[in-house]
1. If you scan segment 124-134, which residues turn out to be without any contact (Cβ under 8 Å) to a residue 40 or more places away in the chain and among the hydrophobic types (A, V, I, L, M, F, W, C)?
2. Scan segment 218-234 residue by residue and report those that are surrounded by 15 or more Cβ atoms within 10 Å (Cβ to Cβ) and not in a loop (DSSP other than H, G, I, E, B).
3. Among Tyr178, Tyr211, which is the only one that is in a helix (DSSP H, G or I), open to solvent by 30 Å² or more (accessible area, probe 1.4 Å) and in contact (Cβ under 8 Å) with a residue 12 or more places away in the chain?
4. Pairs only if they're at least six apart or on different chains, beta carbon under 8 angstrom, first in segment 101-123 and in contact (Cβ under 8 Å) with a residue 40 or more places away in the chain and farther than 14 Å from His46 by Cβ, second among the hydroxyl-bearing types (Ser, Thr, Tyr) and part of a strand (DSSP E or B); list them, first residue then second.
5. Among (1) in contact with a strand residue (DSSP E or B) (Cβ under 8 Å, 6 or more places away or on another chain); (2) within 22 Å of Gly53 (Cβ to Cβ); (3) of a type outside the set (Gly, Ala, Ser), there is one condition Arg152 misses while meeting the rest; what is its number?
6. Mind checking which residues of segment 1-53 are open to solvent by less than 10 Å² (accessible area, probe 1.4 Å), assigned to a loop (DSSP other than H, G, I, E, B) and closer than 19 Å to Gln91 by Cβ?
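The values are calculated or read from the model by the stated rules, or taken from the named source; none is laboratory data. What you see is a predicted model, and the numbers here were worked out from it, not measured in a lab. Neighbour counts run over all protein chains shown; Cβ positions are idealised from the backbone, glycine included. Ligands, DNA and RNA are stripped out before the accessible areas are found, and what is left, the full protein with its side chains, is counted by its heavy atoms. Shrake-Rupley method; radii C 1.70, N 1.55, O 1.52, S 1.80 Å.
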Amino acid sequence: MEIRAGTELPARREPIELHTGDGLTLVGELALPPDRPPVATLVTLHPLPTHGGFMDSHVYKKAANRLPALAGLAVLRFNTRGTSSERGTSQGAFDGGEGERFDVAAALEYAEYHDLPRVWVVGWSFGTELALKWAHDPLVEGAILLSPPLHRATDDDLDAWARFGRPLTVLVPEFDDYLRPEEARERFARVPQAEVIGVDGAKHLWVGEPYVRMVLDEIVKRVNPAAYPLPTQL
């Protein structure tokens with residue numbers, strides 16, 4: 001059987017709630033491998049909610065549908081403050097990436113409290129800004145950024161990640177709307193441990209199954225290389 005865009009593989013899927021330091025309840029889902037403990041954990045930070053981003057944004061939905069079974073990963077998805085999805089609506093209101101610091105902290109605290117192993121943060125678009133600004137936590141082994149716009153995240157944030165010292169993989173579409181590979185390499189040169197990968201033909205939203213597979217492969221290559229490359233058939 002070919003793995004297609006709509007394929008949903010077996011996993012233990014649990015609705016979860018996150019509780020922020022400023023008193024909000026956020027809704028999310030944790031997907032675990034169906035028959036074994038996870039070998040590592042992805043904490044996902046979604047694109048801009050004011051432009052349609054949420055925990056079900058397609059790359060993350062497909063990660064949750066595939067990676068627990070194929071790569072032994074736990075995938076934690078959640079709606080940041082004020083964001084809605086089929087799972088429900090998180091309390092609070094969009095705060096431009098500032099109040100969301102509490103959302104990131106709540107997700108990492110959940111992972112720590114529930115003994116989820118080897119946490120990697122995956123940010124997409126607005127989520128990359130949250131990762132760069134607020135994911136400097138000793139629990140975090142590294143981060144993977146998809147389509148970083150570097151609007152809210154400044155050179156100071158890049159310098160802070162450089163000091164943090166954790167690996168940073170940056171996937172930049174050739175035809176991104178905000179930041180393209182050449183400029184990305186210049187901006188991320190401030191972070192010695194950053195690897196910038198330009199992706200030919202891709203656009204900001206990673207539409208198309210070949211690009212989704214490429215993104216998921218690059219994530220697995222860093223987080224659980226024993227499962228790389230991912231199969232395309234079952």
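1. If the condition is that a residue be without any contact (Cβ under 8 Å) to a residue 40 or more places away in the chain and among the hydrophobic types (A, V, I, L, M, F, W, C), then Leu132, Trp134 are the ones that fit.
2. Residues satisfying the conditions are Glu218, Ile219, Val220, Lys221, Arg222, Val223, Ala227.
3. None of the other options fit; the residue is Tyr211.
4. As it stands, the answer is Ala111/Thr41; Leu116/Thr41; Pro117/Thr41; Arg118/Thr41; Val119/Thr41; Trp120/Thr41, since those pairs meet every condition given.
5. So the condition that Arg152 fails would be (1).
6. His46, Gly53 - these are the residues of segment 1-53 that are open to solvent by less than 10 Å² (accessible area, probe 1.4 Å), assigned to a loop (DSSP other than H, G, I, E, B) and closer than 19 Å to Gln91 by Cβ.
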